[in-house]
1. Can you name the residue in the range 199-224 that is among the hydrophobic types (A, V, I, L, M, F, W, C) and in a helix (DSSP H, G or I) and is also most open to solvent (accessible area, probe 1.4 Å) among such residues?
2. Specify which of the listed residues (Arg239, Arg285) is open to solvent by 10 Å² or more (accessible area, probe 1.4 Å) and assigned to a loop (DSSP other than H, G, I, E, B).
3. Could you go through the range 52-62 and let me know if any residue there is open to solvent by 40 Å² or more (accessible area, probe 1.4 Å) and out of contact with any strand residue (DSSP E or B) (no Cβ under 6 Å at 6 or more places or on another chain).
4. Evaluate the range 1-15: report whether one residue or more is in a loop (DSSP other than H, G, I, E, B), farther than 16 Å from Ala107 by Cα and open to solvent by less than 10 Å² (accessible area, probe 1.4 Å).
5. Looking at (1) surrounded by 18 or more Cβ atoms within 10 Å (Cβ to Cβ); (2) in contact with a Pro (Cβ under 7 Å, 6 or more places away or on another chain); (3) not small (Gly, Ala, Ser), which is the one condition that is false for Asp138?
6. Out of everything in the range 225-239 that is modelled with pLDDT of 85 or more and of a type outside the set (Ser, Thr, Tyr), what residue ends up being nearest to Ser15 (Cα to Cα)?
7. I'd like the full set of residues that are free of Cβ contacts under 8 Å to residues at least 40 places away in the same chain, more than 21 Å from Ser144 (Cβ to Cβ) and of a type in the set (S, T, N, Q), limited to the range 46-80.
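The values are calculated or read from the model by the stated rules, or taken from the named source; none is laboratory data. Owing to the predicted nature of the structure, the values given are computational and were not obtained by experimental measurement. Cβ placement follows ideal geometry from the backbone for every residue including glycine, while neighbour counts extend to all protein chains displayed. Remember, those area values only see protein heavy atoms, side chains included, never the ligands or the DNA or RNA. Shrake-Rupley method; radii C 1.70, N 1.55, O 1.52, S 1.80 Å.
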Amino acid sequence: MPAASVTARIADGVSSIPPGDWDACAGARNPFVGHGFLSILERSGSVSPRAGWQSLPIVIEDARGIPAAIAPAYAKSHSQGEYVFDHAWAEAWEQAGGRYYPKLQIAVPFTPVPGPRLLLRDGALAPGLIAGIEAVTDRNRLSSAHVTFLEPDQLPLFEQAGWLIRAGTQFHWANKGYRSFDEFLGDLASRKRKAIRKERAAAVAGLTIRHLCGAEITEAHWDAFWAFYQDTGSRKWGRPYLTRDFFSLLGGEMADKVLLILAERDGRPIAGALNLIGADALYGRYWGAIEEVPFLHFELCYYQAIDAAIARGLARVEAGAQGEHKLARGYAPVTTWSAHYLPDPGFRRAVADYLEREREAVAQEQEYLGELTPFRHGC
C-alpha cells in the first residue's frame, strides 16, 4: 500500500489501545515494546505530560479498524531519559531563534534497549507509518522527530525515507553456547580469567546472592529495591524517573519476565539488579545498593547476568547504556542506531554534517575497543 494512501491517527496513550491489538503488532520477542511494559509506565505515573513525556502512539488501522501498525510516540518537553543526547542540537536550534521543544520521540521511555520502533502486524505498512510520523511532526510544527535505539533490521526503512542516521555504542555479552560460567572464562586470557575470579570472590564474601522470578518476588522485595533505585536515581539523574507504583505493577503483571538479583547480608537485602527476560536476551535495567561493597556492582549486573543467561539458554546479555568497564568483564562493543527527521533544511544540513563525522569517530572507537576485550586470540 503506497504511503500516500495510508491514514494514521494519534491515540490517547498506550492504555487506550486494547492489549491484544497492541501486542499483535509488537510481538513477544522484546518485552519493552509490549503493551504491558509501556502501559505500566503510564499507569504508574512515570510517563505523563507532567513528567515531560506525553504518550501519543501513532496508529494505522486496517479496514476493520484494528491496529495494523503502531509507533510508540511521545511529545517531549525536554531531552531527559533518552540516552541519545541531543542537548547540543537543542541549544543550537534555539540560539538560531527556533523552538526545539516540544519534539517527537519514538522510543521506550528511560530504556536504552535496542528493539523495534515500528510495531508492525502488516509489514507493508512500514513506509506509511514513517510518513505518518513525519506528518505529525510537520502538522504540529515540531522541530524534529527522533527514533532512538532502533533495531538494525528496521534501519534501512528510515534510510530509504531519507532520515538522518546516528550511531552509538553499547556493550553486550554474547553466549557462544556456554554450559557454565567457567566455560565462558575458558575463552579469556589467563590474566583476565584470574582477575574476574578474584573480583567475584571479593564481591560475594559474607553475602548471599538470590535470583528471584515470578511469584517469588514480594512487595517486601520491591520495597528494598525501591531504596536501591532511589539512591542510584538521585545520584545519576537528580531524581528517579520511575515511581514506586511502577515496580509493584511490573511485579504484578509481568512477573514472569522479571529477574531480580539480590545481595543479602544476614538475610537483609543490601543491593539488587533488576533484569527483564526477552525471547533471546537478558536485559539489565536498574541497579542500586545501600552498602558499599567492592566489585558488587560488577557481580550483580554483569557476572550474575551471565550466569542467568547461560542457565536460560539466552543468546546475549544487554547490560544498558555506556560503560567501557564492561569490556574487562567479557562484554564487547556493538553499534546502536537512531534515526532523526529534521524538517528545516538548514538545521538538517548542519546535523547531517555532524553525524557523518560522529559515525566515523564511533567506528574508529569501536575498532579500538574491540582490541581491548579479554578474550584469547582467536576466540
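1. So in the range 199-224, the residues among the hydrophobic types (A, V, I, L, M, F, W, C) come out as 201-205, 207, 209, 212-213, 215, 217, 220, 222, 224.
Narrowing further to those that are in a helix (DSSP H, G or I): 201-204, 215, 220, 222, 224.
On the way: Ala201: 61, Ala202: 48, Ala203: 0, Val204: 46, Ala215: 104, Ala220: 69, Trp222: 3, Ala224: 20 Å².
Among those residues, the one meeting the criterion is Ala215.
2. Result: Arg239 is the single residue among Arg239, Arg285 that is open to solvent by 10 Å² or more (accessible area, probe 1.4 Å) and assigned to a loop (DSSP other than H, G, I, E, B).
3. Checking the range 52-62: not a single residue is open to solvent by 40 Å² or more (accessible area, probe 1.4 Å) and out of contact with any strand residue (DSSP E or B) (no Cβ under 6 Å at 6 or more places or on another chain).
4. Scanning the range 1-15 turns up no residue that is in a loop (DSSP other than H, G, I, E, B), farther than 16 Å from Ala107 by Cα and open to solvent by less than 10 Å² (accessible area, probe 1.4 Å).
5. Here Asp138 meets the rest and fails (1).
6. Of the residues in the range 225-239, the ones modelled with pLDDT of 85 or more are 225-230.
Cutting the leftovers down to of a type outside the set (Ser, Thr, Tyr) gives us 225-228, 230.
Details: Phe225: 26, Trp226: 24, Ala227: 28, Phe228: 29, Gln230: 26 Å.
Only one residue fits best here, namely Trp226.
7. If the condition is that a residue be free of Cβ contacts under 8 Å to residues at least 40 places away in the same chain, more than 21 Å from Ser144 (Cβ to Cβ) and of a type in the set (S, T, N, Q), then Ser48 is the only one that fits.
Here's the yes/no breakdown for (1) open to solvent by less than 30 Å² (accessible area, probe 1.4 Å); (2) farther than 29 Å from Gly177 by Cβ; (3) not in a loop (DSSP other than H, G, I, E, B):
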{"site": "Leu314", "(1), (2), (3)": "yes, no, no"}
{"site": "Ala319", "(1), (2), (3)": "yes, no, yes"}
{"site": "Gly346", "(1), (2), (3)": "no, yes, yes"}
{"site": "Arg349", "(1), (2), (3)": "no, yes, yes"}
{"site": "Leu355", "(1), (2), (3)": "yes, yes, yes"}
{"site": "Leu369", "(1), (2), (3)": "yes, no, yes"}
{"site": "Thr373", "(1), (2), (3)": "no, no, no"}
